[in-house]
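Asks: This structure is in structure tokens; I'll ask about it shortly.
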Amino acid sequence: MIIQIGELSKRTGVHIETIRYYEKENLMISPPRSPGGRRQYDQPHIMRLSFIKRCRDLGFSLKEVRVLLGLVDGGYTCAQVQDITLRHQQMIKDKIADLNKLDKTLGEMAKHCSGDPISDCPVIDAMFANTG
């Protein structure tokens, strides 16, 4: 089964421009071309692009996706994949902690604001307070 880039995009939910970008970045295996120069994708392309999309949906960076694909292409152990996954999970936990701190800080700042239609605002004052 040979499909064109538009159909690959539909099947995977990845925009055409993104597919081309992944090819340029060597994340996708370059497809053969028809005599007319059109890219011709098949099942391995669909599977690889779906893998990349799922990794990105899970928040893996392109660098991490590249490492995972390198393992897939070159042979891997579950321990290697687990290590990458656990490091990624820790990064997500760190981001969540940072976002919780940010949420608390913004909430505290907003408590000091009366919401009155005046030009003196404690939230704006608090943002200027840490500027050197």
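Asks: Tally Lys/Arg at +1 and Asp/Glu at -1 over every other residue whose Cβ is under 13 Å from the Cβ of residue 8; what's the total? Write out the running numbers ahead of the final one.
Replies: Values: positive: 10, 11, 20, 38, 39, 48, 53; negative: 7, 17, 23, 42.
Around residue 8, the charge tally is +3.
Asks: Could you work out how far apart the two model spin labels at residue 76 and residue 7 are, taking each label as a point 7 Å from the Cα in the direction of the beta carbon, and quote it in nm?
Replies: Computed distance between label sites residue 76 and residue 7 equals 2.8 nm.
Asks: Let me see the pair-distance distribution of segment 39-132: every alpha carbon pair, 5 Å bin width, integer percents in order.
Replies: Percent of pairs per bin, in order: 2, 10, 13, 14, 11, 8, 8, 8, 8, 7, 6, 4, 1.
Asks: Now, a different point. Pop the C-beta distance of residue 108 and residue 128 into the FRET formula with R0 = 22 Å and round what comes out to the nearest 0.05.
Replies: Details: r = 16 Å, r/R0 = 0.73.
Computed FRET efficiency for residue 108 and residue 128: 0.85.
Asks: List the residues, sorted by chain then number, that are 5 or more residues from residue 28 or on another chain and whose placed amide H is less than 5 Å from its amide H.
Replies: Those lying under 5 Å, H to H, from residue 28 are 23.
Asks: Take the chain, connect every pair of alpha-carbon atoms lying under 10 Å apart with a spring to form a Gaussian network, then pick out the residue of 108, 64, 25 with the largest mean-square fluctuation.
Replies: Of 108, 64, 25, the most mobile in the Gaussian network model is 108.
Asks: Report the residues of segment 60-86 in range of a label on residue 29: point 7 Å along Cα→C-beta, backbone N strictly under 20 Å from it.
Replies: Inside the label zone: 65-77.
Asks: Something else: At a 10 Å Cβ-Cβ cut-off, how would you order 60, 128, 51, fewest neighbours first? It would help to have the intermediate numbers written out before the result.
Replies: Values: 60 19, 128 8, 51 16.
By the 10 Å Cβ count, ascending: 128, 51, 60.
Asks: Working from Cα positions, state the angle (0 to 90°, nearest 10) between the long axis of helix 43-57 and the longest principal axis of the chain.
Replies: 10
Asks: Kindly provide the Kirkwood hydrodynamic radius of segment 1-89 in Å, to one decimal, from all pairs of distinct alpha carbon atoms. Could the numbers behind the result be given before it?
Replies: Values: mean 1/r = 0.0724 Å⁻¹.
One decimal place: 13.8 Å for the Kirkwood radius.
Asks: Order these by the 10 Å Cβ neighbour count, fewest first: 45, 112. Each step should come with its number before you reach the end.
Replies: Working: 45 23, 112 11.
Ranked by crowding around the Cβ, least crowded first: 112, 45.
FYI, it's all coordinate maths here, none of it is from the lab. All values reported here derive from a predicted model rather than from experimental measurement. Note that each Cβ is placed from the backbone with ideal geometry, even for glycine, and that neighbours are counted across all protein chains shown.
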